[in-house]
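The values are calculated or read from the model by the stated rules, or taken from the named source; none is laboratory data. Remember, it's a predicted structure, so these values are computed and weren't measured experimentally. Ideal geometry is used to build each Cβ from the backbone, glycine not excepted, and the neighbour counts take in all protein chains shown. The protein model used for the area step is the full one, side chains on, heavy atoms only, and it has no ligands, DNA or RNA in it. Shrake-Rupley method; radii C 1.70, N 1.55, O 1.52, S 1.80 Å.
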Amino acid sequence: MLNDDKSPFQRTFVNQVKRCAEMSRKLRFLKDQINKAGLLSSALPTLQSDVDLEALESQLADHEHELIEMNANSEKLQQTYNELLEFKMVLQKAGSFLISGKSYESAEGRELDENVYPSDYPESDSTSLLEQATQSEPSNSSGLRFISGIIPKSKVLFFERMLFRATRGNLLFNQAPADELIMDHVSSEMVEKTIFVVFFSGEQAKTKILKICEAFGANCYPVPEDLTKQTQITQEVSLRLSELETTLDVGIRHRNAALHSIGVHLSIWMNMVKREKAVFDTLNMLNFDVTKKCLVGEGWCPIFAKPQIQEALQRATFDSNSQIGIIFHVMDSVESPPTYFRTNTFTNAYQEIVDAYGVAKYQEANPAVYTVITFPFLFAVMFGDWGHGICLLLGALILIAREGKLSSQKLGSFMEMLFGGRYVLLLMSLFSIYCGLIYNEFFSVPYHIFGDSAYRCRDASCSDAHTVGLIKYRDAYPFGVDPSWRGSRSELPFLNSLKMKMSILFGVAQMNLGIMLSYFNSLFFNNSLDIRYQFIPQMIFLNSLFGYLSLLIIIKWCTGSQADLYHVMIYMFLSPFDDLAENELFWGQRPLQIVLLLSALVAVPWMLFPKPFILRKLHAERFQGRRYGVLRSSEMDIDSEPGSARHHEEEFNFSEVFVHQMIHSIEFVLGSVSNTASYLRLWALSLAHSELSTVFYEKVLLLAWGYENILIRMVGLAVFAFATAFILLMMETLSAFLHALRLHWVEFQNKFYGGDGYKFKPFSFAALADDED
Amino acid sequence: MGFIFTTLIFVAIGLIASLCTRICCNKGPSANLFHLTLVITATICCWMMWAIVYLAQMNPLIVPILSEEE
């Protein structure tokens, strides 16, 4: 980025970017309109006839303007339509109130005082009304009038009460529900409305009632009392309504046609605008040079792609008919380059797993190479059951078989993760099958696949099989755990011992691999300091303690000794010079333990002290000559490459380096204990998996199968299937996945991984389309 | 005896697998190295798993005590 010092608004192409942003806003608006109208935007795969951007801009402005106008017009029409509809209903219902009053009047005869009617109701036949009204309430000198209108049904009750209170009971309120739902333009949804007629007397009452009507959102419409006038007005209104309907229809059809024609091109236009915007954004990162005649840009590119880039630049020069060729010049840089690993579909998921913790520093060892195998393997150690492994394998194979179809669809976030990790799942399932065969668990049931068990009863009657147990009469079972162990009372002590020791052995092996990788890292970067003062003491420390423990485990297994390894390790620290007695596993154990203890003790200061002092000496040596050469011929130096960072660190902060080294050493020393113990989760999770599996098998399936009833058996089978699928297959998979991931990220990678690089993000049109959607 | 014999079987399987990957997908030196690394890592992991379980059962300190059948 050469333009770091300029604000975004000073950059050269800012206007173009603004125009592109404006165009994409218009495009989004058009898309919204199309969606609202319920039209499907048919993306015709027409060829990209290079539409000129300027023409597109004006076209879009026109379309937007037209659409806004059409919308406003139809809004107005719709409103008028609604009002007329309400008026029609009011006419119908209110008319019936007035009619009933009139017939009543003709029966009773006319008998009235003075009637003063409001000027908008110029008829003389409301004596009927008055008659009716005077019989219920005392008539006022200003005469009886009425107001008719329509109000949402939900508010009728309160409305009536309010009116009563306002006029102190001097009113008659008639209401009838409307026949159909009407669009309420406040809430723009269809509501039920009620038509009402309020008879009242007095000017004050009228104003009060009108105000209340307004407050409640009731619309008042004038209804003539004369029957002929009513029918006349009703006819007029119906006529106008049908006219409006046709007008609205025509308007909607016109608008839909316009939208349709836009919709055809919409996706192409959006794409184009996105690409132009991205191009201008990138152009903004370039800088005009002094003569303002050419653009200068800096960037990163992979070495293998250099010839391709030069070819592309030549093509661009030719296509744009420029007189001067583009200059492509390789520079030295002080900044660390970005990290770029080329992956295929198989390795991509693993690289992402590693990158999620931290992107590798430029050119350091990539742990993903080993993670491809060790991650599914550690998962399988915690998941080992070949029945469940087969289920996972089926799932993985289905995902892989439908790769082509699923990759083009838009999947939910969970399915997307699952689909992205399909190859990880495949390897996980294969290793699970292997580990399941070793643990001899098929939905927790052992099988005699690899021959007979190595154990049998001591005598023919098997009388003491339940007390003293079986006896081993042959060589160990050739592959995996002997099937005799399942269900025995001493199963757990044996398996726990086996799995704990196994976890320690795997842990020490993986940690050693990590330290070896740090050796190769130091070798590559020619950092002999690190090799001598970090790698060697780390190896010595880890292996003299935990490597020795692993050795003891193996010796104990091979010799069948009764020695207690806990005691061996503890007394090695507490009383190393004492006699070992029953804890002796091999000849020369005591002197060996003393030697190992001493080397571990020596290794700690070896990794702590020398490195900072040597670094300080090296730094002093390097800058010794420079102390007098401060005459900087440096105006040229510093400004020659504007923007590219060249700064030298002239200071060496000794205390900072020393503290950093101390932290690193303490982390390693304490971490070696805690990380080794952390590997015991391999034991813990495999135990949990095995126990859950056993419980579901024995307590659900076998229990249900014990009954003769077919219904109970079916129910038992169903419960077993659900429990296996959800708890064992989904929950346990996620759990083992997570713990294997943690073991890799923390215990394996903290031995060697820097992880403070940044990813190489090349500019790509293809990535754009995915980005903004 | 069974231990060494089966270890040799694992070694043989590893060699055959590396040869197969070299024959089937020969895609340039760094890709070949990568495939070889994968095969060797997998073989070592699988062998370790088997060896640990086998060694643990060679001279066991406890024996299976059957539980009461109900």
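Observations
- For the protein assembly as shown, calculated [θ]222 nm from helices alone, where every DSSP H run of n ≥ 4 adds -39500 (n - 2.57): -20000 deg cm²/dmol
- Net charge contributed by nearby residues that have their C-beta within less than 12 Å of residue A:388 (K/R +1, D/E -1): -3
- Peptides A:529-539, A:194-204, A:250-260 ranked from most to least packed by the mean count of surrounding Cβ atoms within 10 Å: A:194-204, A:529-539, A:250-260.
- Simple spin-label estimate for residue A:599 and residue A:306 in nanometres, 7 Å along Cα-Cβ: 4.6
- Other protein chain Cβ atoms within 10 Å, averaged over every residue that makes up A:472-479: 5
- Among the protein heavy atoms of segment B:1-56, carbon and sulfur supply 83% of the accessible surface, probe 1.4 Å, non-protein parts ignored.
- Packing-based order for A:430-441, B:3-14, using average beta carbon neighbours within 10 Å, highest first: A:430-441, B:3-14
- Accessible surface buried once A binds B (1.4 Å probe; total of both sides; Å²): 3600
- Cα centroid separation - segment A:343-399 against segment A:570-620, whole Å: 37
- Using a probe of 1.4 Å on the protein chains alone, the accessible area found for residue A:207 is around 70 Å².
- Residues of type lysines that residue A:405 reaches as a straight line, Cα spacing below 28 Å, ignoring anything fewer than 8 places off in the same chain: A:31, A:274, A:761, B:27
- Across the accessible surface of segment A:142-249, with the other protein chains kept in place and a 1.4 Å probe, carbon and sulfur atoms take up 55 percent.
- The Cα center of segment A:253-331 and the Cα center of segment B:43-62 differ in position by 61 Å.
- Positive minus negative residues near residue A:214 (Lys, Arg vs Asp, Glu; Cβ under 14 Å): +4
- Sorting A:746, A:508 by solvent-accessible area of protein heavy atoms yields A:746, A:508, largest first, with a 1.4 Å probe.
- Rounded FRET efficiency, nearest 0.05, which uses the C-beta distance separating residue A:155 from residue A:239 and R0 of 22 Å: 0.10
- In this structure, residue A:555 and residue A:298 have a Cβ-Cβ separation that, at R0 = 60 Å, corresponds to a calculated FRET efficiency of about 0.50.
- Segment A:201-214 - phi-based ³J(HN,Hα) in whole Hz, Karplus 6.51/-1.76/1.60, Gly and Pro as x: 9, x, 5, 4, 4, 4, 4, 4, 4, 4, 5, 5, 4, 4
- Out-of-range pairs (alpha-carbon distance over 30 Å; input A:206/A:229; A:306/A:611; A:26/A:410; A:26/A:155): A:306/A:611; A:26/A:155
- Taking label points 7 Å from Cα along the Cα-to-Cβ direction, residue B:36 and residue A:227 give a separation of 11.0 nm.
- Residue by residue along A:657-663, Cβ atoms of other protein chains within 10 Å of the local Cβ number 0 on average.
- Nonlocal amide H pairs with residue A:339, under 5 Å, H built at 1.01 Å: A:758, A:759, A:760
- Spin-label model, residue A:248/residue A:203: points 7 Å from Cα along the beta carbon direction are separated by 4.0 nm.
- Inter-chain Cβ neighbour average for residues B:43-51, partner chain, 10 Å: 6
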